[in-house]
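Report on the following structure.
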Amino acid sequence: MKVVGKELPRVEIFEKVTGQSIFGADASVAGRILHGKLLLSPHAHARIKSLRTERAEQLAGVKAVVTGRDLPDVTYGRFVRDERYFAQDKVRYVGDRIAAVAAVDAETAEKALRLIEVDYELLPSTTSAPEAMKPGAPLIHEGYADYFAADGVEGRTGNICSHSRIVRGDVDRAFAEADRIFEDTFHAPMVHQTYLEPHSVLARFDATGKATVWVPTQAQFPLRAAIAQILRMPMTKVRVIPTEIGGGFGGKILATLEPAAIALARKARTPVRMVMTRSEDFQTGNPRHPFHLRYKTAVKLDGTLVAREIELVLGTGYSASSGVMISQGAAVRAPGPYRIPNLRIDSYCVYTNTATCAAYRGPAGPQLTFASESQIDIIARELGLDPLEMRLKNAMEENDETPAGAALKDVYTKETLRKAAAIMGPRPTPGKRPRGRGMAVAHWLVGGMASSAGVKLNEDGTVAILTGVVDLSGASTSLAQITAEVLGVSIDDVHVRTADTDFAPHSTISAGSQALKSMGSAVLSAAREVEKQIREVASDRLEANVSDLELGDNRVFVKGTPDRSVTLREIGHLALEHKRGPIVSTQSVAQLQSHPAMATHTAEIEVDPDTGHLEILRYVAVQDVGTAINPLSVRGQIEGGVMQGLGQALSEACTFDQGRMTNPNLLDYKIFSSLDAPEVEVHLIEHPCASGPLGAKGVGEPPIIPPPAVIANAVHDALGIRIRELPITPEKICLALKEEKRS
Amino acid sequence: MSKSIKIEVTVNGEFYSEEVPTNLSLLNFLRYQLGLTGTKEGCSEGECGACSVIVNERLVDSCLVFAAEVNRQSVDTIEGLARPDLHPLQKAFAQHGAAQCGYCTPGMLMAAKFLLDKHPNPNKQDVLTAISGNLCRCTGYSTIVQAVTAAARES
């Protein structure tokens, strides 16, 4: 292939390095723009006795105040309809939306917020899912039984908004007959995507009643649908224009500021800009679910896994949102990429008084893998087996079934395991401080949502792609590569940018590692159609059979006689005179089959037993990527994902005190800086996969999944202590060493 | 009501005479009063470095500087890096995949420029330290280090 497989800079890179890219807070329109702010609940759980906005409305410089009274009476929620945009009778977390104001400047808006009078009756709250599950726990949704719930949502009771269960074989018998049984509990606290760009939006409401928002989003079609639902507007009256996005990682999918901004712009008859502060983004975003996990595993003495009983408890925040789907998907992946004939998995999605937890790169992946892969090591050590051999012995292979009964194709788990071990190599001579090695496998399945895309040939022979997919991972560049490859043109002659909801055909969201898989398939399809049309016009012109023609170098020529050719520029012109008309095609792909995207990571660390400080000496990441359309993008995704995963492993956690997040800032919520980042040795395994465009597999999520387990296993290898709660901080290491000494 | 004050400031070599509220940050002055939106806001607390600019040969977080403080000073932002051709750093960032979402990139480039202006031959540790005040959530930093080192070699 000429273009696919090349390391090419991103198509929009020059705007990024010159500061010309327009992100959410950069978007602007002519004329005055008001400053919008939300009034957020300071309490984790309270009834609203009264709400008075008159004093705020009367403040000079305030142009609009909106509350739930200004919005239609709508409850929404994909799986359980438990959400209202503005809190009505009660607030359910610190950050719950009560009202919004638009004013001439930030200062006036802040003053106006302080003039809104809310009378609260405090209620007991909880941020712990296990606590919220207990009978007698304060009900977060008293009316839950009357809420509409989608098909497939089961087990709703009290604060449990979903309970899913998977059973296979006979776990009880397996436990009765087992050689050895291991039971361990683990805890992964809430962590936040911490994209560099906080949520923001610019909203305009025009004289025809149409709302337009410029917003950094990964999902402009679902966002449009959410706005249309919340404000009861037809989709033709809602236009979502994605700006450049400063990181999403799953946290910029759900509606946050947009409905408020539109309601304000409508009432004030002036455009409104809203930008979250970093503190607001931490507290009112959509972070990663905290998990409590219990794994009970039965094994034979030779290390064969016989049964796993797993209990997952997810704290989903004040609304079920996508937590239901995440908890159900977690159940399927919980046992890990291993052949286990007997399974009983219970996954509970539980309301808590926090922000709604939703998708964050590899939802449930790091938490499950932390538990599952830690326990595999625990078992291996106990039985005197090599951790690598134990994994190889049990790893899933081609055509093995997931717990949900789907047969897996294109499975290369064992290859990633062997390669990672080989690259890490034999143990070096020990240093002065304890050193250890750990490994873990990411078990990830990539789906592929429905998408549609257009490709057209301009009259001068250049090509344009019409796509709504938001470019996070460099997908746009890869789409251009795919198109250039099919049409035999230079990549510089292919234009691709994200179109908005008014003009783009429906697009998948940029999440779930499948933006390129899904949109790439649609673009590939459209490019092939355009190729057919080009051949049609060329065959007339060259008086040759369509099948005797070849495309390359921006022209079409007769196979074997390259001087019998016509340029695409001529084709572009000819088409308009030809009876077929302009050369263009829009194609759709339906939901694509899932494929496994496995990765094995292994690391070598050194720990100072006096301070608990841990240094990563080497970090190896091996991932099965199918076909690397753009290896530069693929490696970038892996390096970035590893760093986020290591943050969760070592330093990140949202901490709470009486319902309030105590570290909503970048000093106390510590993400990796350049001085914390180890070097990552990235190795790709490429076996073209049937369900991806030109063989490509989803890449973005697997790299964030193994790091917590890798570190936990390496710490055990180095010091003989087992940490079962993230993050693995120096304090935890020191305390565990103390404990170990005592016993 | 905040008061305002008149300032004279050179930004990217261009002279401005402006009336600014006394409590306006340099960041917001650049972005909203001058329309130079290349410099980004990430936290407004001086923790992330997205707002990094160079004031009189000092690398600063512009969210922590008042516009009033740059009276009669000289400010360099991302918009002034290409003169008009791309700076070797900008070319190197493009080549090496040193920008993914691009939000940290303006601040990161200013920090890198600040380094190279003082140390034309930095080693890897010099680069890591120079950008330690600039958080990036996408790249993992290694491509950034590669790009800065490559740009140093070229200039």
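Every number in this text was worked out from the coordinates using simple rules, so none of it is lab data. Predicted model, so just to flag it, every value in this text is computed and none were measured. Neighbour counts run over all protein chains shown; Cβ positions are idealised from the backbone, glycine included.
Each distinct pair of alpha carbons in the range A:520-663 adds a 1/r term; the inverse of their mean, the Kirkwood radius, is 20.9 Å. Work out the FRET efficiency for A:Glu615 and A:Asp540 from their Cβ-Cβ distance, taking R0 = 56 Å, and round it to the nearest 0.05. According to the calculation, E is roughly 0.25. Rg and Dmax of chain A, based on Cα coordinates, read 27.3, 89 Å.
State the volume of the convex hull built on the alpha-carbon positions of the range A:376-516, expressed per residue in Å³ and rounded to an integer.
Hull volume normalised by residue count: 203 Å³.
Can you tell me the FRET efficiency between B:His119 and A:His187 if r is taken as the Cβ-Cβ distance and R0 is 35 Å, rounded to the nearest 0.05? The value I calculate is 0.20. Note on chain B: Cα-only Rg and Dmax are 15.5, 52 Å. Counting 0.36 nm for each residue step from A:Thr655 to A:Val104 and taking away their Cα separation leaves a gain of 194.8 nm. Here each label is just a point 7 Å from Cα along the line to Cβ, and for A:Ile423 and A:Leu122 those points are 5.3 nm apart. What is the local net charge at A:Gln481, summed over the other residues whose Cβ is closer than 10 Å to its Cβ (Lys, Arg +1; Asp, Glu -1)? Residues near A:Gln481 contribute +1 overall.
Placing a label point 7 Å from the Cα of A:Ala404 along the Cα-to-Cβ direction, the residues of the range A:507-527 whose backbone N falls under 17 Å of that point are A:509, A:511-515, A:518.
Across q = 0.20, 0.25, 0.26, 0.28 Å⁻¹, the range B:12-83 modelled as identical point scatterers on its alpha-carbon atoms has Debye log10 I(q)/I(0) values of -0.78, -1.27, -1.38, -1.60, in the order of the q list. For the range A:311-384, the Cα gyration tensor yields ellipsoid semi-axes of 27, 12, 10 Å (square root of five times each eigenvalue, largest first, whole Å). Projected label points at A:Thr304 and A:Ala150, each 7 Å from Cα along the beta carbon direction, are separated by 4.0 nanometres. Note on A:Arg433 and A:Cys734: the extension gain reaches 106.9 nm, defined as 0.36 nm multiplied by sequence separation minus the Cα-Cα distance. For chain A, the 222 nm mean residue ellipticity estimated from helices alone, with every DSSP H stretch of n ≥ 4 adding -39500 (n - 2.57) and the total spread over all residues, rounds to -8500 deg cm²/dmol.
Determine the gain in length on full extension of the stretch A:Asp172-A:Leu383; use 0.36 nm per residue of separation and subtract their C-alpha separation, reporting nm with one decimal.
My answer for the length gained is 73.8 nm.
Charging the Cβ of each Asp and Glu at -1 and of each Lys and Arg at +1, and nothing else, the dipole of the protein assembly as shown about its Cα centre rounds to 980 debye. Charging the Cβ of each Asp and Glu at -1 and of each Lys and Arg at +1, and nothing else, the dipole of the range A:2-121 about its Cα centre rounds to 280 debye.
Ratio of Rg to Rh for the range A:626-720: 1.09 [Cα atoms; Kirkwood radius as inverse mean 1/r over pairs]. Three principal axis extents describe the C-alpha atoms of the range A:239-354; from largest down they are 72, 29, 24 Å. Structure note, pairs A:Lys37/A:Lys63; A:Lys432/A:Lys741; A:Lys300/A:Lys409; A:Lys6/A:Lys532: Cα-Cα distances above 18 angstrom occur for A:Lys432/A:Lys741; A:Lys300/A:Lys409; A:Lys6/A:Lys532.
Note the direction-averaged projected area, equal to a quarter of the hull surface, for the Cα convex hull of the range A:489-595, in nm².
With every direction weighted equally, the projected area is 8.7 nm².
In whole angstrom, the range A:155-291 maps to an equivalent ellipsoid with semi-axes of 43, 18, 12, each derived as √(5λ) from the alpha carbon gyration tensor and ordered largest first. Counting only other chain Cβ atoms within 10 Å of each residue's Cβ, the peptide A:274-280 averages 2. Within the listed set B:Asp76, B:Asp126, B:Asp61, the residue fluctuating most in the Gaussian network model of chain B (springs between alpha-carbon atoms under 10 angstrom) is B:Asp126. With contributions of -39500 (n - 2.57) from each DSSP H run of at least four residues, the per-residue ellipticity at 222 nm computed over chain B stands at -8500 deg cm²/dmol.
Can you list which of the DSSP-assigned H helices in chain A have a Cα extent of 30 Å or more along the long axis and an average Kyte-Doolittle score of at least -0.5? Taking the DSSP H segments of chain A (at least 30 Å long, mean hydropathy at least -0.5), we get A:515-542. Taking all pairs of distinct Cα atoms, average 1/r, flip it, and tell me the Kirkwood hydrodynamic radius of the range A:411-470 in Å to one decimal place. One over the average 1/r among Cα pairs gives 17.3 Å for the range A:411-470. Remark: A:Glu739, B:Glu79 ranked as A:Glu739, B:Glu79, counting other beta-carbon atoms within 10 Å and listing the fewest first. Taking label positions 7 Å along the Cα-Cβ direction at both A:Thr567 and B:Phe15, the computed distance is 4.9 nm, reported to one decimal. Using only alpha carbons, the range A:182-240 has a radius of gyration to Kirkwood radius ratio (Rg to Rh) of 1.27.
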